[in-house]
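The values are calculated or read from the model by the stated rules, or taken from the named source; none is laboratory data. Small disclaimer: the values here were computed from a predicted structure and weren't measured. A quick note on method: Cβ atoms are made from the backbone with ideal geometry, for glycine too, and the neighbour counts reach across all protein chains shown. These accessible areas exclude ligands, DNA and RNA; they are computed on the full protein's heavy atoms, side chains included. Shrake-Rupley method; radii C 1.70, N 1.55, O 1.52, S 1.80 Å.
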Amino acid sequence: MTTKVPLDAILPLVKKPGRYIGGELNSVHPDYSQIDLSFALVFPDLYEIGMSHQGLQILYHIINRQPGLAAERCYAPDVDMEEQLRRHDLPLFSLESRRPLAEFDVIGFTLPYELCYTNILTVLDLAGLPLRAEDRDDTFPLVIGGGACSMNPEPVADFFDLIVLGDGEEVILDIIATLRAAREAGLSRAETLERCTDIQGVYVPSLFKPRYADNGQLTAIEPLKDGYTEVTRRIVPELPPVELLTRPLVPLVKPVHDRLGVEIARGCTRSCRFCQAGMIYRPVRERSVEQIMQLAEEGVKNSGFDELALLSLSTGDYSNLPGLLTDLMDHFAEERVSVALPSMRVGTLTPEVIEQIKRVRKSGFTVAPEAGTDRLREVINKGITEEDLLTGCRDAFAAGWNVIKFYFMIGLPTETPEDLAAIIDLAVRAKKEAKGGRTQINVSVSTFVPKPHTPFQWHGQLSIAETKERIDTLKRTLPRKGFRLKWHEPYQSFLEGLFSRGDRRLAPLIETAWRAGSRLDGWSDHFLVERWQEAAEQLGMDLEAYLRPRDQEEVLPWDHLQCGVGRDFLLEEWQKALDQVYTPDCRTSGCQQCGLCDFKSIRPLTQESQEKKEPANSPEQKSESARGSWARTEQGQQPIFRYRVHYSRLGDGRFLGHLEVLQLVFRGLQRTGLPILFSQGFNPSPKVSFSPALPVGVESHIEYFDVDLSSPLKRPLETAAQLNIHLPDFLAVQEIVAIRKNPPVDQIISYQCTLPNSVDLEQLIARSTEFLAADQFVIERIRKQKRRELDLRALVKRLELELEGEEGNRMLLLDLLHPNGSAGTSTREILEKVLGLSEEQSQLVRIMKCRSQELEEYTVIN
């Protein structure tokens with residue numbers, strides 16, 4: 001028997017309640033009577049970030065495919081949601097079943113970046129768990145972590161029972177088998193964790209103890225179990241099977257990257273010396289073109305996304321990128337599904353690749369020189385010259401781009417004032433490559449953070465003062481017209497460096513800052529450096545010391561955690577950096593002896609580049625393969641068949657905003673495959689128009705949208721049934737009718753409002769009686785700095801109380817005039833301005849839009 005957290009009392013009071021309702025397309029709803037081991041997979045940041053994360057989705061689908069297992073999701077709550085959970089003494093819960101996290105067997109955290117560390121404590125505390133692993137007994141879930149930060153998790157190690165290093169696809173199944181066996185054997189928590197140490201890639205922090213000298217320097221990381229002296233990253237020889245990823249989770253609330261992500265390769269061997277990902281995700285493992293096409297085709301069909309992104313550390317290095325892009329564009333251009341290449345290197349975005357991207361719509365063009373001079377790019381092993389950069393910009397401008405984004409780092413090893421000045425010079429020269437027209441160069445600057453397991457791990461990081469000084473220099477010298485400078489907040493970069501390079505002594509700092517209110521530190525509107533400074537002062541900690549250069553002989557906090565790339569290789573690369581010696585890519589120039597591959601189970605896996613052949617599919621085959629996808633049709637001189645789709649929006653649907661519902665409907669229509677007409681222009685959109693926006697928190701029986709089709713519907717009832725299959729349960733299509741559109745007119749809409757118990761009935765009766773007896777009830781509004789008066793009495797056609805309604809509910813019945821083309825009112829405005837409810841009481845009123853009385857706004861065609 002599982003508990004379901006009641007949310008009706010709190011979701012109306014938070015900014016984006018849709019983050020917390022669950023019900024995403026392709027999510028899984030377990031039957032816990034059949035489950036013997038359950039996982040809550042937590043992404044410790046907001047829903048909008050976590051829903052774009054591929055790793056969590058992969059584990060989600062792997063676990064849910066196994067008999068007897070269940071995986072649900074949870075994301076860090078925003079501060080307003082955290083406040084409501086604490087106020088109502090409710091635990092943090094999973095999305096799928098709203099089950100308290102403490103009821104799961106395992107809570108698994110993704111560790112994506114350092115600035116999410118306080119969010120981990122928020123989740124643990126709201127779940128009702130002790131923060132530190134040593135304080136949790138056998139009654140609590142096992143807390144595990146994994147992800148990019150796992151290669152130095154020491155600052156948060158005390159909060160975890162175990163941490164996975166490396167790829168999770170295989171190791172998660174090994175952990176599951178071990179947990180099941182341990183449970184069957186009746187092992188304790190400590191015994192279970194000790195058994196997990198037999199799994200490659202599993203790090204149990206409690207079995208290692210750091211030692212420090214009197215001056216505070218780390219002198220040793222002492223293993224506490226014989227034979228368990230270091231942990232080596234787990235590597236899968238090839239990417240997970242396609243069938244795991246063909247039914248992606250489709251968000252309800254718009255995420256940061258609202259598109260289908262298709263991982264085409266993992267790992268990069270360019271050996272950029274600043275890049276941790278290039279070291280800890282080796283070797284390169286590419287998917288075949290056939291696998292990628294299957295992922296793209298089935299993923300779009302099963303999701304309704306109109307954009308797909310080819311994901312890799314360096315997408316342009318995919319061995320057969322031109323052939324892949326041609327195949328993708330041949331398949332998707334007609335459907336206007338665009339293809340984004342979010343991680344292209346200069347030199348890989350060739351004119352041939354550009355031409356393919358242009359066939360649908362141009363995504364952003366980003367250049368990452370990292371440094372301003374060829375000399376400094378040689379130091380970091382970037383492998384591109386200024387001429388390469390300028391050629392790439394010239395090609396992009398010629399192809400029609402008018403905005404180019406440059407990424408630079410400041411504080412790289414051996415950087416000089418001349419290198420800093422060259423950033424401005426390079427941006428100016430790049431803009432000159434545009435032959436006329438309005439162009440924009442956006443220069444984005446971040447502070448270099450010397451990451452563990454890179455050749456630069458021994459280098460120091462700029463202080464906050466040095467960072468500010470260099471940013472100020474760039475601000476003064478970058479021309480204003482046609483240029484824009486953005487920079488990463490220096491204090492946030494400082495914190496990132498602190499946790500990247502830190503050890504376990506930072507755990508008290510994290511906890512102290514969290515208790516002082518630090519939340520969502522990756523978001524500039526939440527980040528307050530003063531909390532961290534005060535926490536450090538309270539603990540007597542010198543945080544700047546963590547950013548100092550490290551001696552090559554001293555013990556580093558992550559020395560017992562092996563990424564597979566040897567220390568000797570990193571030292572050689574550090575010397576090559578100083579000597580400006582280039583290290584070539586091992587995919588094209590032979591093995592560079594990094595120490596990772598055994599060329600048996602671990603080796604580079606690439607696809608042979610092939611000449612582009614004639615399209616494999618004939619027109620007939622193309623039609624067959626596209627069946628079930630959205631038939632996107634241009635609007636020309638052909639006839640237009642217009643239909644009105646009537647639907648209800650009930651239950652959890654009230655917690656979504658108007659734009660979020662639009663996106664759900666668009667994607668549902670796409671999966672249904674209707675022949676929808678599109679607008680003209682650079683970014684065509686489907687010819688669909690909606691009834692007036694329904695406020696968040698309001699339910700309705702009478703919503704509709706109008707859609708223009710290129711051919712008539714033969715069986716509207718069957719189309720309605722098909723649409724209901726592709727829409728969430730809270731959106732239900734009632735009927736579809738053919739219409740002719742007439743000009744809109746005034747309408748009267750009836751609302752039924754269920755009042756909370758906190759409402760003072762005597763006051764309500766008195767104020768409603770006074771209002772109904774009045775000739776006018778004028779309020780003042782300020783819109784666009786102008787004061788205007790509005791008579792609410794003229795807009796209220798019915799205001800009636802039913803104090804003994806259905807199921808004992810206290811009802812308010814409202815009929816409101818919604819005049820076309822002039823100011824109207826809303827139910828909540830009447831509740832607050834007329835009846836005197838507080839804003840919170842008003843938000844807790846459950847409002848149902850029931851009926852509309854319209855003049856002939858549209859004509860039904862019989």
Fill in the blank from the handout: Wholly inside region 143-238, strands (runs of 3 or more DSSP E) that include 3 or more residues that are among the β-branched types (Val, Ile, Thr) are none
Handout entry: Long-range neighbours under 7 Å by Cβ, at least six apart or interchain, first residue free of Cβ contacts under 8 Å to residues at least 12 places away in the same chain within region 110-134, second of a type in the set (A, V, I, L, M, F, W, C)
Key = ASP125/LEU131
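Tell me, which helices (runs of 4 or more DSSP H) wholly within region 451-532 include 1 or more residues that are within 16 Å of MET409 (Cα to Cα), within 28 Å of the chain's Cα centre (by Cα) and charged (D, E, K, R)?
Helices (runs of 4 or more DSSP H) meeting the threshold: 490-501.
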Exercise for the section: Being surrounded by 16 or more Cβ atoms within 10 Å (Cβ to Cβ) and under 20 Å from PHE140 (Cα atoms) narrows it down to one of TYR20, TYR32, TYR75, so name that one. Expected result: TYR75
Exercise for the section: Please tell me if SER94 is of a type in the set (Ser, Thr, Tyr), open to solvent by less than 20 Å² (accessible area, probe 1.4 Å) and touching a Cys at 6+ places or on another chain (Cβ under 9 Å). Expected result: yes
Handout entry: Residue check for ILE235: buried (at least 16 other Cβ atoms within 10 Å of the Cβ), out of contact with any helix residue (DSSP H, G or I) (no Cβ under 8 Å at 6 or more places or on another chain) and either over 23 Å from ILE58 (Cα atoms) or at pLDDT below 95 (or both)
Key = no
Problem - Selection status of SER271, of a type outside the set (A, V, I, L, M), touching a residue at least 60 places away in the same chain (Cβ under 8 Å) and within 19 Å of ALA157 (Cα to Cα) - result: no
Exercise for the section: Taking SER206 as the residue in question, decide whether it is surrounded by 14 or more Cβ atoms within 10 Å (Cβ to Cβ) and modelled with pLDDT of 95 or more. Expected result: yes
Problem - Identity of the residue in region 701-723, of a type outside the set (Ser, Thr, Tyr), within 19 Å of PRO639 (Cβ to Cβ) and in contact (Cβ under 8 Å) with a residue 12 or more places away in the chain, that ends up surrounded by the fewest Cβ atoms within 10 Å (Cβ to Cβ) - result: PRO712
Practice task
Output the residues belonging to region 533-561 that are without any contact (Cβ under 8 Å) to a residue 60 or more places away in the chain, over 18 Å from LEU462 (Cα atoms) and outside any helix (DSSP H, G or I).
Solution key: GLY540, MET541, GLU553
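Filter region 643-700 down to residues that are of a type in the set (Gly, Ala, Ser), open to solvent by 20 Å² or more (accessible area, probe 1.4 Å) and touching a residue at least 60 places away in the same chain (Cβ under 8 Å), then give me how many there are.
Start the filter on region 643-700 by keeping residues that are of a type in the set (Gly, Ala, Ser), which leaves 648, 651, 653, 657, 668, 673, 679, 681, 685, 689, 691, 693, 697, 700.
If we keep only those that are open to solvent by 20 Å² or more (accessible area, probe 1.4 Å) too, we end up with 651, 673, 679, 681, 685, 689, 693.
Still in the list and also touching a residue at least 60 places away in the same chain (Cβ under 8 Å): 651.
So the answer is 1.
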Problem - Selection from region 204-241 of residues that are more than 38 Å from the chain's Cα centre (by Cα) and more than 19 Å from PRO155 (Cβ to Cβ) - result: ALA213, ASP214, ASN215, LEU224, LYS225, ASP226, GLY227
Exercise for the section: Pull up region 812-829, narrow it to residues that are of a type in the set (Gly, Ala, Ser) and open to solvent by 30 Å² or more (accessible area, probe 1.4 Å), then point me to the one that is nearest to ARG846 (Cα to Cα). Expected result: SER826
Practice task
Report whether or not LEU790 is open to solvent by less than 100 Å² (accessible area, probe 1.4 Å), assigned to a strand (DSSP E or B) and touching a strand residue (DSSP E or B) at 6+ places or on another chain (Cβ under 7 Å).
Solution key: yes
Problem - Within region 394-443, considering residues that are assigned to a helix (DSSP H, G or I) and either in contact (Cβ under 8 Å) with a residue 60 or more places away in the chain or aromatic (Phe, Trp, Tyr) (or both), the one farthest from CYS272 (Cα to Cα) - result: PHE397
Problem - Candidate set: region 368-393, residues that are in a loop (DSSP other than H, G, I, E, B) and within 27 Å of GLY437 (Cα to Cα); chosen: the one farthest from the chain's Cα centre (by Cα) - result: THR385
Handout entry: Qualifying strands (runs of 3 or more DSSP E) (wholly inside region 14-123; at least 1 residues being closer than 24 Å to LEU650 by Cα)
Key = 69-75
